[in-house]
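Worksheet: the structure to be examined is printed underneath.
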Ligand SMILES: NC(=O)c1ccc[n+]([C@@H]2O[C@H](COP(=O)([O-])OP(=O)(O)OC[C@H]3O[C@@H](n4cnc5c(N)ncnc54)[C@H](OP(=O)(O)O)[C@@H]3O)[C@@H](O)[C@H]2O)c1
């Protein structure tokens, strides 16, 4: 990869935290002569984001807006092929995209959608992109405090319609991503693989489509972080002063990934399944 150009990748760039991370990373890319790859699903949102990011002064030729749907394996494959085609050496991936699904939904293979978007997709993407990373590259997975309030069992991949709860299944997907972060950190000693806990943020994600949404807007939102505040946690993971791997960075501190996740009984099985999905059964 001698002549490769460095690239920083941000997924879910069109969202609340995604905007803040994109603008920050544009500054970093400009400073380091790197390219910035921002993933989107909605072209109108991508256009709006592009204007905002170009206002940082990053060269237009160094900015790449790329379509990516993390709940679709073909879309992930296509994204990785485009990254490979540009000949990038991937320095940093910020797995920021995330969603919470109101209803129980599965893809054609039966994987539950919170799991696909928030855990399986980013995990498969990270393993596939690791082939374009070199020593010192960094994977930053955006987790959630809610990971602490659930546990995982063998049903994690598919969930169940009868027990489905939007918040519980979302939380399980973030718990699974935390277990994966720990496993990838151990398996890739040349990379830094960390999580970020952004706190509760005032973004679209807080909307629950419930009767209490207007009350949330009045009584809860004002006390949540602005995405620019949560960005501090992403910045700490990016700068990574202590050269840590297998850590969780928040606005106020960093901690090693909690034992509940780093020593989870399903850790080996979870990592093996993601490797199979990313690289095929033979790997
Ligand atoms: N808000 C909070 O309080 C909170 C707390 C803890 C953790 N987090 C995490 O922080 C991250 C950023 O969330 P946010 O609050 O900024 O939410 P947001 O404003 O809703 O942004 C989410 C982003 O993810 C993208 N996305 C959703 N589904 C996707 C898919 N299947 N494939 C690719 N991209 C997809 C969205 O794209 P579109 O623009 O096309 O919808 C959007 O860009 C997420 O990982 C979230 O779980 C949020």
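Just so it is clear, none of the values below were taken in a lab; they were calculated from the coordinates. Small disclaimer: the values here were computed from a predicted structure and weren't measured. Cβ coordinates were reconstructed from backbone atoms using ideal geometry, including for glycine residues, and neighbour counts include every protein chain displayed.
Neighbour counts of C-beta atoms inside 10 Å place 112, 28 in the sequence 28, 112, starting with the fewest.
Size of the range 49-102 from its Cα atoms: along the principal axes, largest to smallest, the extents are 38, 29, 17 Å.
Centre-to-centre separation between the Cα atoms of the range 170-231 and those of the range 91-129: 14 Å. Looking at the chain alone, DSSP beta bridges between its own residues are antiparallel in about 10 percent of cases. From helices alone, the chain scores -12000 deg cm²/dmol at 222 nm; the rule is -39500 (n - 2.57) for each run of n ≥ 4 DSSP H residues, then divide by the residue total.
Length available on full extension from residue 82 to residue 269: 0.36 nm per residue minus the Cα-Cα distance, which gives 64.3 nm.
The largest-to-smallest principal axis extents of the Cα set in the chain are 52, 50, 38 Å. Taking all Cα pairs closer than 8 Å and separated by 6 or more residues, the relative contact order of the chain comes to 18 percent. Shape of the range 1-72 from its Cα gyration tensor (a ≥ b ≥ c, root eigenvalues): rounded if a/c is under 1.5, otherwise prolate when a/b > b/c, or oblate? Verdict is oblate for the range 1-72. Highest-first packing order for the peptide set 31-37, 206-212 is 31-37, 206-212, based on the mean count of other beta carbon atoms within 10 Å. Across the range 1-46, the relative contact order, built from alpha-carbon pairs under 8 Å that are at least six residues apart, equals 48 percent.
Mean silhouette area of the range 130-251, derived from the convex hull of its C-alpha atoms and averaged over all directions, reads 9.3 nm². Distance between the 7 Å Cα→Cβ label points at residue 212 and residue 47: 3.9 nm.
Counted residue by residue at 0.36 nm each, then reduced by the alpha carbon distance between them, the extension gain from residue 106 to residue 260 reaches 52.7 nm.
Over the range 121-165, the fraction of Cα-Cα pairs per 10 Å bin, rounded to whole percents and listed from the shortest bin up, is 18, 37, 28, 14, 2. Ordering 18-26, 113-121, 45-53 by mean Cβ neighbour count within 10 Å, with the highest value first, yields 113-121, 18-26, 45-53.
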